[in-house]
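Heads up, the thing below is written out as structure tokens.
The values are calculated or read from the model by the stated rules, or taken from the named source; none is laboratory data. Keep in mind it's a predicted model, so treat the numbers as computed, not measured. Positions of Cβ are backbone-derived with ideal geometry, glycine not excepted, and every protein chain shown enters the neighbour counts.
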Amino acid sequence: MKVLFVLNAKFEELLPASLLQRRETLFIYKSLVYGEEYEVHGVALIDVLSYLVVVNSDPFWIPSLFFEVIDANVPRKWECKHYYPSEEHLAVFVLGYPDLVWSKEHFDGLSNLNKSDVKKFFASI
């Protein structure tokens, strides 16, 4: 699956407050290149639809509103899981490589750039 970065706007006005609280967020978004293609390595719906893409050699979840899908084909090895609502989220849906989908610990570790989870991510792509 591939997406094209198409949104050239003030990120601060579009990002959810929860993302803006992370100090690296603006650096990541400002590192995206307008008109550049990014390979998607996972899709998650956790309050907002996001794509897992590599930016500056690290994997990050970026909201889909910044992209246009240019190739909707997903790898055959991808799997999906729907997690039922919790106190934190109304809906959680994950699509991607098996460890990303079935291991909440790996998903959370990757989201926090835990070294072992980033290593597992790159071994899976």
- [ ] Tell me, yes or no, whether segment 64-76 has at least one residue that is loosely packed, with under 13 Cβ neighbours inside 10 Å, more than 19 Å from Glu37 (Cβ to Cβ) and not small (Gly, Ala, Ser).
- [x] yes
Open item on the list: I'd like to know if segment 31-46 contains one or more residues that are touching a residue at least 12 places away in the same chain (Cβ under 8 Å), under 19 Å from Lys120 (Cβ atoms), in contact with a Lys or Arg (Cβ under 7 Å, 6 or more places away or on another chain) and part of a strand (DSSP E or B).
Closed with: yes
Open item on the list: Could you list, ordered by first residue, the pairs with Cβ atoms under 8 Å in which the first is in segment 91-102 and part of a helix (DSSP H, G or I) and the second is modelled with pLDDT of 95 or more and β-branched (Val, Ile, Thr), at least 6 apart or interchain?
Closed with: Leu100/Val94; Val101/Val94
- [ ] Please tell me if Tyr84 is modelled with pLDDT under 95 and surrounded by fewer than 17 Cβ atoms within 10 Å (Cβ to Cβ).
- [x] yes
Open item on the list: Being acidic (Asp, Glu) and crowded, with 18+ Cβ neighbours inside 10 Å is the filter here; which residues of segment 100-125 pass it?
Closed with: Asp117
